[in-house]
1. For residues in the stretch 58-79 being within 17 Å of Arg44 (Cβ to Cβ) and surrounded by fewer than 16 Cβ atoms within 10 Å (Cβ to Cβ), which is farthest from the ligand (Cβ to nearest atom)?
2. Give me the pairs, please: first residue somewhere in the stretch 55-81 and within 24 Å of Gly304 (Cβ to Cβ) and of a type in the set (S, T, N, Q), second residue anywhere and outside any loop (DSSP other than H, G, I, E, B) and more than 10 Å from the ligand (Cβ to nearest atom), beta-carbon distance under 7 Å, and either six or more positions apart or on two chains.
3. Answer yes or no: is there a residue in the stretch 99-119 that is away from the ligand (no atom under 13 Å from the Cβ), of a type outside the set (Ser, Thr, Tyr), under 20 Å from Ile29 (Cβ atoms) and buried (at least 18 other Cβ atoms within 10 Å of the Cβ).
4. Does Gly185 qualify as being within 30 Å of Val207 (Cα to Cα), in a loop (DSSP other than H, G, I, E, B) and either out of contact with any helix residue (DSSP H, G or I) (no Cβ under 7 Å at 6 or more places or on another chain) or touching a residue at least 40 places away in the same chain (Cβ under 8 Å) (or both)?
5. Does Gly288 fit the bill of being on the phi > 0 side of the Ramachandran plot and more than 14 Å from the chain's Cα centre (by Cα)?
6. Please state which one of Val232, Val218, Val184, Val199 is within 20 Å of Arg101 (Cα to Cα), within 15 Å of the ligand (Cβ to nearest atom), not assigned by TED's automatic domain parsing to the domain that holds Arg345 and not small (Gly, Ala, Ser).
7. Among the listed residues Ala37, Ala48, which satisfies the condition of being within 12 Å of the ligand (Cβ to nearest atom) and in contact (Cβ under 8 Å) with a residue 40 or more places away in the chain?
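The values are calculated or read from the model by the stated rules, or taken from the named source; none is laboratory data. Keep in mind it's a predicted model, so treat the numbers as computed, not measured. Here the Cβ positions follow ideal geometry from the backbone for every residue, glycine too, while neighbour counts run over all protein chains shown.
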Amino acid sequence: MPGMPAAPSLARRSADPAGRPSGSPGDGIAILGAGLAGLSLAVRLVEAGVRAPITLLEPRTGYGDDRTWGFWETEPHPFAHLVAERWPAWRVRTPAAAHIRRGSVPYVRLPAAAVYRDALARLDRAGNVVRRMGVRVTGVAGAQVALDTGERLHAGVIYDGRPPEATQIASGHGRGPRLLQQFVGRRVRTGRPAFEPGVADLMDFRVSQRHGIAFLYVLPSGPCEALVEATVFAGQPVGAEVLDRLLAEGLAARCRAADTQVTEVLGTERGAIPMVPGLGRTPARAGGTIAIGTRAGAPRGATGYAYLPIQRHVAVLAADAAAGRPRGRGMRGAGTDWLDQVFLRRLLRAPDAGPALLARLFDRVPADRLVRFLMERGGVRDHLAVMSALPTLPLLREALAASAPHRSRLRPARTAAAGETAPNP
Ligand SMILES: Cc1cc2nc3c(=O)[nH]c(=O)nc-3n(C[C@H](O)[C@H](O)[C@H](O)COP(=O)(O)OP(=O)(O)OC[C@H]3O[C@@H](n4cnc5c(N)ncnc54)[C@H](O)[C@@H]3O)c2cc1C
């Protein structure tokens, strides 16, 4: 936006007694997008003692219970008191086998509505946080943020938590592999017990594998209540109707086995998470902004887990800001992205072998080691345990391909059936 007129500042520069140069939190902080990353960062900034004005810019006018965060609770996090359920055991199923595992760290379910409510209450108490709801950021140039209201704001520091552009996902980092984790989930009640409380079904591959690597994800709250999601890992959007059909079939099979039916749908969630190793590796402070959340590459390439990476990332960013040195930070090390590239290349090259490959990990790697690896808390021995559980030769081939200087982009081995390629919501 060259040639923009002077924009109102979020803070009066002269108000900063430390006399910090432009680009410091003292000039006011703008956070674009008040989703998980934006809200979490604002909470952390306040807790870290940042007193500069913080303005959140968000197109939503209100928050619903639009998603559920599931992850292994390997560490403290700011919303731990809101965890709705904890499962000490989890299971992966293929048509051939079921692997139940228990570890010292539970798998948890964190409902988005509770997190949004809690974060907003903390921010409203802070005194230096302004929430501008119902406004959309249309552009950023240097220190200026343009809104769809026609306003232009000036901020010393701009954190960008808007979803990544389609082009960012398409180009990712270099020419590496990429998948889309697409899902639809329903919280349902059944007339009679159909679920096994205490066991989270992370991947039940006993569903059609026609459109990609597909599975049901079942988080039971009790014998008659669960969040049931149909998920597909595919190289392209498979379409909402494919996901809806997978979910309906999976739910029907569960109910048939328990001689019952769904009596109530309590909620629905849909999503498409990019599985793109190195997604945020383009300069973390591009165009004068500091990327956060998905835009910064939070979802891990091989898994899509993003909740804990976001919490770790914003904690570091907030500490930088509190120390008067705001700056962009990478989401994770290059080694993890490289490993994920190798794994995704294998999945893309042989999707039919995907369920067996994933089940093999849960079968052969000791539970705590695998959890630390998946949650990016693994040490060398955890990584070695994971690698030795996987078929060596095919992975070696992908490792060589991933390391080649002019590596080719893998195309998905399977494409969605005609008429089923509507973009995912
Ligand atoms: C349904 C769903 C379920 C998920 N489940 C899990 C899970 O179980 N475990 C896990 O680890 N991860 C999960 N994820 C992945 C990830 O944790 C979430 O997507 C998380 O919300 C990402 O946080 P974010 O702040 O990057 O994005 P969001 O929370 O989506 O926030 C982005 C914000 O930007 C706003 N915005 C959009 N356009 C503009 C604009 N032009 N100007 C200003 N603001 C804008 C949006 O309204 C939104 O509030 C899930 C994702 C989805 C979609």
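1. Pro76
2. Thr68/Pro111; Thr74/Val105; Thr74/Val371; Thr74/Arg372
3. Within the stretch 99-119, the subset away from the ligand (no atom under 13 Å from the Cβ) is 99-106, 114, 117-118.
Add one more test, that the residue is of a type outside the set (Ser, Thr, Tyr), and what stays is 99-103, 105-106, 114, 117-118.
If we keep only those that are under 20 Å from Ile29 (Cβ atoms) too, we end up with none.
No, the stretch 99-119 contains no residue that is away from the ligand (no atom under 13 Å from the Cβ), of a type outside the set (Ser, Thr, Tyr), under 20 Å from Ile29 (Cβ atoms) and buried (at least 18 other Cβ atoms within 10 Å of the Cβ).
4. Details: within 30 Å of Val207 (Cα to Cα): yes; in a loop (DSSP other than H, G, I, E, B): no; either out of contact with any helix residue (DSSP H, G or I) (no Cβ under 7 Å at 6 or more places or on another chain) or touching a residue at least 40 places away in the same chain (Cβ under 8 Å) (or both): yes.
In short, no.
5. Numbers: on the phi > 0 side of the Ramachandran plot: yes; more than 14 Å from the chain's Cα centre (by Cα): yes.
The answer is yes for Gly288.
6. On the way: Val232 fails: within 20 Å of Arg101 (Cα to Cα); Val184 fails: within 20 Å of Arg101 (Cα to Cα); Val199 fails: within 15 Å of the ligand (Cβ to nearest atom).
Of the residues listed, the single one that is within 20 Å of Arg101 (Cα to Cα), within 15 Å of the ligand (Cβ to nearest atom), not assigned by TED's automatic domain parsing to the domain that holds Arg345 and not small (Gly, Ala, Ser) is Val218.
7. Values: Ala48 fails: within 12 Å of the ligand (Cβ to nearest atom).
Matching residue, one of Ala37, Ala48: Ala37.
Yes/no matrix, rows are residues, columns are (1) aromatic (Phe, Trp, Tyr); (2) within 30 Å of Arg364 (Cα to Cα):
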residue: Pro76; (1), (2): no, yes
residue: Arg101; (1), (2): no, yes
residue: Ser104; (1), (2): no, yes
residue: Arg117; (1), (2): no, no
residue: Leu153; (1), (2): no, no
residue: Tyr159; (1), (2): yes, no
residue: Arg162; (1), (2): no, no
residue: Thr167; (1), (2): no, no
